[in-house]
Amino acid sequence: MKNSAKDVIRIGVFICDCGSNIAGYLEMKELVEYAKTLPNVAFVQENLYTCSEGGINEIKVAIPRENLNRVVVASCTPRTHEPLFMSACEEGGLNPYLFEMANIRDQCSWVHMREREAGTERAKVQIAMAVAKAAKLRELSRIQLSLSHRAMVIGGGVAGMSSALALGNMGYEVDLVEKKGRLGGILNELNMILPSNEPPENLVNSLVSRLQDHSKIAIHTESVVTKTEGYVGNFVATFQEKGVEQKIKCGAVIVAIGAQSLKPEGLFNYDGQKVITHLELESQFKAGTVNAKNVAIIQCVGSRCKERRYCSRICCMTAVKNAILLKEASPETKITIFYRDMQMYGVENEELFRKSKKLGVRYVTYDPERPPTFDGDSVSVYHLRMGRDIVTPVDLLVLSTPLIAQDDASEISTMLKVPINENGFFLEGHVKLKPLDFATDGVYLCGNARFPSTIREAISQGLGAASRAAGILSKEALFTSGIVADINPDTCCGCLGCVQVCPYGAINFIENRGVCQVNKVLCKGCGGCAATCPSGSARLDGFSNQQLYAQIEQAMAV
């Protein structure tokens, strides 16, 4: 019996030059001619930039014209371009999961820049493997989900307030949850914002007033989120507000819990009186109790060290700001800043740095291997350029300590199933591609919860997180990926191996049946369960054993 036209596999292969990234190191014409000889390949085309508008249109036009029912693109990384090409296939009338990609840039041309012949042969194998898998692909479908057009923002600092206000102005209902009794976060502890010379309460009061007057925004102070359930578009959050438990349903969650300043206990005889932090100095400014004629400021106290290897970024700017305010209030005050290196990025901050020098602030570099010491009356340090120790009398010693993660960051991380780094700050999905996203869909990040940031940066990130959340809330419905796991209940032995390795909590154990079951809404298609399952009951759609074996056989045949 002959196969119908529908059953005949017709694969279209699009090979990308990627400008000179691929074409500069591989023989492209040779790759095109080789691809034409592969089984089931009906059409081959070389493109200068397949990801360009012209390249995408070529795919969309070729699918119906050449009667293609599979598409392979040999180009750069699927991590950035696979969604684009899948969308092109769908617009061309092809199920997007009948698409396969070969990464012949990152995994071939960039690796074999000086081995043109060997690199070309390697690319042939990669294309052949992609074609072999494509022939085994089958249509997959996505699940349609309803969603709540409401957002929850955890944290009422400047980033959280900016996020909530932006979402409210877009017309979405927002619940702003703050654990303290008032909004504003760390801004409430500051004295002055430079270079604008604006009291921080002006910004806080403006934001709070607009939030309170907004019909779409509900403010919950003295509130702590205790539990979250569900998934993107359909989260259910439980929180305690002034001792009363409440539940809200939301489609997106923004984490903006901020950070806290390190208390330098045990460092430089810290006592909160003669030896203080910048936040404590800001409080003295506000109270008008600063009274010192010899002030020393030591940078990088508790940061860039074994315990905390990171730079807190804003400490240098804070030190320069407070030095300027001290000098302007009392020009005869002697101020010395002991530093490793000054991080004053941006034109305005550089101008502040220059201004502080003109006002007479003294800067002394110290070697981290020979840090300053304080005996209660003076700071001693080895001067690198003078080649000897110098002693500076001190009435007031100010320590520049870093911002550190909030105490409840780990709890929130576990509750939302989002990662934190070794320093306790929340870890974004990708530092460049997804700086405000988590790997968990529908949960976003901004402000000092992500990493120490300036006020402007926190506001910008808050607006960015709101924009990302609105991308979910604006949809009428959501669709899950078709590449998800499935477990055959007839062969599942209920060993719970898959439950233990699933990082998304997408697998449940059905006790009355003694088998495991995948929640396809939560599944992200990582394949951990399929790789772990001893009985082979778990499988990952789009990466079946048959498809992977086809690739392996093709690779071994060379």
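The values are calculated or read from the model by the stated rules, or taken from the named source; none is laboratory data. This one's a predicted model, so the numbers in the text were calculated from it and none came from an experiment. All Cβ positions, even for glycine, are placed from backbone atoms using ideal geometry, and neighbour counts span all protein chains on display.
Taking the stretch 164-191 as the range and being touching a Phe, Trp or Tyr at 6+ places or on another chain (Cβ under 8 Å) and buried (at least 22 other Cβ atoms within 10 Å of the Cβ) as the test, only VAL177 passes. From the list LEU31, LEU38, pick out the single residue that is over 34 Å from the mean Cα position of the chain (by Cα) and part of a loop (DSSP other than H, G, I, E, B). Residue meeting the stated conditions: LEU38. So which strands (runs of 3 or more DSSP E) stay within the stretch 196-293 end to end and still have 2 or more residues that are among the hydrophobic types (A, V, I, L, M, F, W, C) and more than 28 Å from CYS316 (Cβ to Cβ)? So the answer is 217-220, 223-231, 234-241, 244-250, 252-255. Only one residue in VAL381, VAL364 is over 30 Å from VAL232 (Cα atoms), in contact with a Pro (Cβ under 7 Å, 6 or more places away or on another chain), among the β-branched types (Val, Ile, Thr) and not in a loop (DSSP other than H, G, I, E, B), so which one is that? Answer to the selection: VAL381.
Among residues of the stretch 355-371 that are surrounded by 13 or more Cβ atoms within 10 Å (Cβ to Cβ), those with a Cβ under 6 angstrom from a residue that is in a helix (DSSP H, G or I) and among the basic types (Lys, Arg), sequence gap 6+ or separate chain, pair up as LEU359/LYS327.
If we keep just the residues of the stretch 420-433 that are in a loop (DSSP other than H, G, I, E, B) and within 10 Å of the chain's Cα centre (by Cα), which is modelled with the lowest pLDDT? My answer is LEU433. Count of the stretch 238-251 residues, restricted to those that are over 16 Å from ILE217 (Cβ atoms) and of a type in the set (A, V, I, L, M, F, W, C), is 1.
Scanning the stretch 123-163 for residues that are crowded, with 17+ Cβ neighbours inside 10 Å, polar (S, T, N, Q) and more than 18 Å from MET556 (Cβ to Cβ) yields a count of 3.
ASN508: without any contact (Cβ under 8 Å) to a residue 60 or more places away in the chain, surrounded by fewer than 17 Cβ atoms within 10 Å (Cβ to Cβ) and touching a strand residue (DSSP E or B) at 6+ places or on another chain (Cβ under 7 Å), yes or no? The answer is yes for ASN508. Considering (1) part of a helix (DSSP H, G or I); (2) assigned by TED's automatic domain parsing to the domain that holds ILE248, the lone condition that LEU183 does not fulfil carries the number (1). Taken as a whole, the condition of being over 20 Å from PHE235 (Cα atoms) and out of contact with any Cys (no Cβ under 7 Å at 6 or more places or on another chain) applies to VAL431. Kindly provide the set of residues from the stretch 476-501 that are surrounded by 17 or more Cβ atoms within 10 Å (Cβ to Cβ), among the β-branched types (Val, Ile, Thr) and more than 27 Å from the chain's Cα centre (by Cα), ordered by number. Within the stretch 476-501, just ILE487 meets the criteria. For the stretch 374-389, the set of residues classified as in contact (Cβ under 8 Å) with a residue 24 or more places away in the chain and surrounded by 15 or more Cβ atoms within 10 Å (Cβ to Cβ) consists of PHE374, VAL379, VAL381, listed by residue number. Residues that are β-branched (Val, Ile, Thr) and more than 36 Å from the chain's Cα centre (by Cα) were ranked within the stretch 41-60; the one that is surrounded by the most Cβ atoms within 10 Å (Cβ to Cβ) is VAL41. On inspection, SER87 passes the criterion of being of a type in the set (Gly, Ala, Ser) and free of Cβ contacts under 8 Å to residues at least 12 places away in the same chain. Quick check: is even one residue across the stretch 315-334 surrounded by fewer than 20 Cβ atoms within 10 Å (Cβ to Cβ), in a loop (DSSP other than H, G, I, E, B), basic (Lys, Arg) and without any contact (Cβ under 8 Å) to a residue 60 or more places away in the chain? No, every residue in the stretch 315-334 fails to be surrounded by fewer than 20 Cβ atoms within 10 Å (Cβ to Cβ), in a loop (DSSP other than H, G, I, E, B), basic (Lys, Arg) and without any contact (Cβ under 8 Å) to a residue 60 or more places away in the chain. Across the stretch 285-304, the qualifying residues are those that are modelled with pLDDT of 95 or more and of a type in the set (S, T, N, Q), and the one among them that is farthest from the chain's Cα centre (by Cα) is ASN294. Counting only residues that are among the small types (Gly, Ala, Ser), without any contact (Cβ under 8 Å) to a residue 40 or more places away in the chain and part of a loop (DSSP other than H, G, I, E, B), the stretch 390-419 holds 0 of them. Among the residues of the stretch 8-30, those identified as aliphatic (A, V, I, L, M), within 19 Å of ALA62 (Cα to Cα) and at pLDDT 95 or above are ILE9, ILE11, VAL13, ILE15. The one condition from (1) out of contact with any Asp or Glu (no Cβ under 9 Å at 6 or more places or on another chain); (2) under 30 Å from ALA118 (Cβ atoms); (3) free of Cβ contacts under 8 Å to residues at least 60 places away in the same chain that ASN40 does not meet is (3). Does SER109 satisfy the condition of being of a type in the set (S, T, N, Q) and crowded, with 19+ Cβ neighbours inside 10 Å? Here the answer is yes, as SER109 does meet what is asked.
Picking from residues in the stretch 420-442 that are in contact (Cβ under 8 Å) with a residue 60 or more places away in the chain and of a type in the set (Gly, Ala, Ser), the one that is nearest to GLU265 (Cα to Cα) is ALA439.
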